[in-house]
Structures are given as C-alpha cells and as structure tokens.
Amino acid sequence: MCKLSLSQFLLNAVQKKEAVTTELSPLLMDIAQACKAIALAVSQGALQGTMGSLNSQNVQGETQKQLDVICNDIFIANTSKSGLVAGMVSEELADIYLPPQPSSASNQYLLLFDPLDGSSNVNVNISVGTIFSVLSCPAGITQPQIHDFLQAGKHQICAGYALYGTSTILVLSTGHGVNGFTLDTEAGEFYLTHPDMQIPAETQEFAINMSNYRYWPAPMQEYINECLQGESGNRHKNFNMRWVASMVAEIHRILFRGGIFMYPADSKAPHGKLRLLYEANPMSFIVEQAGGAASTGFQDIMEVMPTSIHQRIGVIMGSKNEALKTVSYYEQGR
Ligand code: AHG
Ligand code: MN
Ligand code: MN
C-alpha cells in the first residue's frame, strides 16, 4: 500500500491551491509535531508522575491538571519558533501570548487552542485530545491585541484536532473537506488514513450530559424527551446515547457514524460550558466541512461575533438533519 504522509499531502494541497500556502503548510507540520509530543506526554503520564491535579486554577476557575499545563507548554514550544504565528490564545492562559520574536514573514497567523480536551478523563485512561483553530492576523499587525482574535468562526482558515485514543489521529480541514491522518509511532509520521470524511446526515444517536436535564431550556428537554420515547413517540425511531466527556472523542465518533453532540446553554451555565474560540468554532468548522451542521440553538456557531477570548457558548452539532431538527425545537420554543 502506498501511504501518503502529512507533509506530502500538504505539498499536494499547495500545488492544487487548496487554501494551503507555503506558510500554512509548515505551521500545520509544527502543530502535528506538537500533537505527537503531547501524545507521548499523555501516554507517559503515570510513569512520569504527571497525572495529578495542580493547586492552580485556569482563567475559567477550573482546577488545572499537571498535564493541562505540560501540554500547553508543549504546544507553544512547537509552534512559536517559526515566526509564522503572531499571537496565541490558549484555554490554559488567561491572556493572549505573543511569541518573543515575531518575524517579518508576510503571512502571520493567530493560533487558538485547547491543549488537552477532556482532561478530566486523562488519569482514567479514556481518550483525550487537542483542538486548534487558525485565523489570519490582520494585515500590518505584528503585535496582535485581544480584538484581533475576536473574529467569527466563519473566518477560520484552518481548524482541526488530534485524538489520543487507540491510535493518535490528526483530523484537519483548510476549507476543502476533512482529512484524517494516523500517527505511525514507529516511523514517527502521520499518514493519510481517512480521506474526505463525511458525517451521515441521518442519525439515531445523541450525546449529551443527561445529569444536566433539570437545568436545560424547555426546547432541549422536549427534544430529548422525544428521543427517549423511541418508536412509540413523535420521532418514530429508537435512539442510542453516548457520553465520553471528551468533545474530541464525541466529534470523532460522529465523523465516523453520525450522531449529534450537545452542550446547551442552561440555567446552570447560562452562556454554555464550551469555549467559542478554541472548542466550538474549530469543531464547527470540521463538522460543517464534513457535511454536518453546528448551531447554538439560536444561530450558526460560526456566525457568532466573539466579545472575549474565553467566551463560552451553547453547542448543538453533528449530523445535519438531526442538528436542524434540534434547532427547530428552539425556534418553536421562542
Ligand atoms: P476541557 O477538559 O478542555 O475543560 O473540556 C472538557 C469539555 C468537553 O471536552 C466535554 O465535552 C465536556 O467538557 C464534558 O463536560 P461534563 O464533565 O460536564 O460532562
Ligand atoms: Mn476542552
Ligand atoms: Mn482543555
């Protein structure tokens, strides 16, 4: 079998002018390198004694795990030296981060990331991931400020995630479909294993944290009620449920077999739980590029104009027909 490496794939994409430029390509290789190093750090956690929690909290008041901070440092170390990234936003950093020596490269990017998604799962050996989003740095800006990062998700030029599961897989899109690359740990290279990933439009599987049911708005309760009624209810079909508590793992499953993933804004978390800039937006980009849909319940996620870098948002995304069906409950409930 002739395997296509990530670097060869990116070279082909540059030649085909698929939104991959000679600047974006090395940035994506740096991100791949970061994910490779994070995969190793996560797998070595118990051996290195890094599975515990820290006494610190991140800017959102969540207790940081040792690996949250380690993975954040790894991601920054691997992506900040090329001179291609003018500034970064991370879940684990309160403020924006500017690499020490921004270069004069003509194409400068902004990089937004969740270094370790699902970190509550890390010490119980359940899949975790890394999520990233790439925006253009406004022309002429070498020292970006907060407002430069506040771009709607539709302006992303690239987004993706790495899932550290039974294998390490890197899934990315530059706006020309979605492709998945599996890490060959012996060769140390990512190879294209899942070209042109597509989410089935129909599904009978939902993912939501049911323990929050009492906090949800009426349309979400109504939607789930009808799923639970199965064949004898309005939907006339039985539904299955999954909840990994790692968004990356849920979305990856949905890319394979369809499904809908929801973390709605509710009375407990009035602005939602997931973060817009480095969780909801990049995952929406991937989902929509794979033929799915992504909404807050009130508007398309990628249309939301951010107002702060750690802003939270309600999330409904996955198989197109089911996501639109859920949104229709919100429209009727308004
Ligand atoms: P993070 O570990 O980066 O804070 O994100 C965890 C997120 C997301 O991955 C997952 O879907 C959700 O939190 C799980 O939330 P619950 O623990 O409330 O189920
Ligand atoms: Mn996360
Ligand atoms: Mn995280």
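The values are calculated or read from the model by the stated rules, or taken from the named source; none is laboratory data. Everything numeric in this text was worked out from a predicted model, so none of it was measured. Methodologically, a virtual Cβ is constructed for each residue, glycine included, from the backbone with ideal geometry; neighbour enumeration extends over all protein chains shown. Only protein heavy atoms, including side chains, enter the accessible area calculation; ligands, DNA and RNA are left aside. Shrake-Rupley method; radii C 1.70, N 1.55, O 1.52, S 1.80 Å.
Can you give the charge dipole size of the chain about its Cα centre, rounded to the nearest 20 debye, using +1 on the beta carbon of Lys and Arg and -1 on the beta carbon of Asp and Glu?
With only Lys, Arg, Asp and Glu charged at Cβ, the dipole is about 280 debye.
Enumerate the amide H contacts of Arg312 below 5 Å, restricted to partners 5 or more residues apart or on another chain; note that Pro and chain-start residues carry no placed amide H.
Correct list: Leu276.
Can you quote the Å³ per residue value for the convex hull of the Cα atoms in the chain, rounded to an integer?
Per residue, the Cα convex hull of the chain comes to 136 Å³.
For the pair Asn209 and Ile141, what calculated FRET efficiency results from E = 1/(1 + (r/R0)^6), where r is the Cβ-Cβ distance and R0 = 51 Å, to the nearest 0.05?
Result of the calculation: an efficiency of 0.85.
What's the long-distance tail for segment 6-194, i.e. % of Cα pairs beyond 20 Å?
For segment 6-194, the share of Cα pairs beyond 20 Å comes to 54 percent.
Tabulate in residue order the Karplus-calculated ³J(HN,Hα) for segment 151-167, using 6.51 cos²θ - 1.76 cosθ + 1.60 with θ = phi - 60°, rounded to whole Hz; enter x for Gly and Pro.
Those phi angles translate into 10, 4, x, 5, 8, 4, 9, 6, 8, x, 8, 10, 10, 9, x, 4, 9 Hz.
Could you list, in their original order, any pairs among Lys65/Lys237; Lys65/Lys268; Lys36/Lys325; Lys36/Lys154; Lys65/Lys325; Lys154/Lys237 whose Cα atoms are separated by more than 32 Å?
Table pairs above 32 Å Cα-Cα are Lys65/Lys237; Lys36/Lys325; Lys65/Lys325; Lys154/Lys237.
I'd like to compare 246-257, 172-183: which one has the highest average count of other Cβ atoms within 10 Å, and what's the full order after that?
Averaged packing, sorted descending, gives the order 246-257, 172-183.
Rounded to whole Hz and in sequence order, give me ³J(HN,Hα) for segment 116-128 from the Karplus expression 6.51 cos²θ - 1.76 cosθ + 1.60, θ = phi - 60°, writing x for Gly and Pro.
So the Karplus estimates, Gly and Pro as x, are 9, 8, x, 5, 5, 8, 5, 8, 10, 6, 9, 3, 10 Hz.
Using alpha carbons only, how many angstrom separate the centre of segment 230-287 from the centre of segment 55-84?
Rounded to whole Å, the Cα centres lie 25 Å apart.
At 1.4 Å probe size, with the rest of the protein present, what percent of the exposed accessible area of segment 205-332 is carbon and sulfur atoms?
So the carbon and sulfur contribution to the accessible surface is 49 percent.
Using a 1.4 angstrom probe, figure out how much accessible area the chain has per residue, in square angstrom, rounded to the nearest whole.
42 Å²
Compare the Cα positions of Ala139, Leu28, Gly165 along the charge dipole of the chain (+1 at Cβ of Lys, Arg; -1 at Cβ of Asp, Glu; about the Cα centre) and return the one farthest towards the positive end.
Gly165
Along the charge dipole of the chain, Cβ charges K/R +1 and D/E -1, which of Gln108, Pro270, Met220 sits furthest on the positive end?
Ranked along the dipole, the leading option is Met220.
Determine the relative contact order of segment 238-334: mean sequence separation of Cα pairs under 8 Å and six or more apart, normalised by residue count, in whole percent.
32 percent
Heavy atoms only, probe 1.4 Å: what % of the accessible area of segment 33-154 goes to carbon and sulfur, would you let me know?
After summing per-atom areas, the C and S share lands at 50 percent.
Using a 10 Å cut-off on Cβ atoms, rank the peptides 9-21, 70-82 from the highest mean neighbour count down.
Sorting 9-21, 70-82 by mean packing, highest first, produces 70-82, 9-21.
Quote the relative contact order of segment 64-172 in percent (integer), defining contacts as alpha-carbon pairs under 8 Å separated by 6+ residues.
Reported relative contact order: 22 percent.
Would you mind classifying segment 1-115 by shape? Square roots of the alpha carbon gyration tensor eigenvalues, ordered a ≥ b ≥ c; an a/c under 1.5 is rounded, otherwise it is prolate if a/b is larger than b/c and oblate if not.
It is oblate, given that a/c is not under 1.5 and a/b is not larger than b/c.
By average Cβ neighbour count within 10 Å, what is the ranking of 229-240, 31-42 from highest down?
By packing density, highest mean first, the sequence is 31-42, 229-240.
Rounded to the nearest 500 deg cm²/dmol, what is the calculated helix-only ellipticity per residue at 222 nm for the chain, with -39500 (n - 2.57) per DSSP H run of length n ≥ 4?
Taking each H run of at least 4 residues, the total per residue is -9000 deg cm²/dmol.
If you stretched the chain out fully between Asn321 and Gln60, how much longer would it get, using 0.36 nm times the residue separation minus the C-alpha to C-alpha distance?
Using 0.36 nm per residue and subtracting the Cα-Cα distance, I get 90.6 nm.
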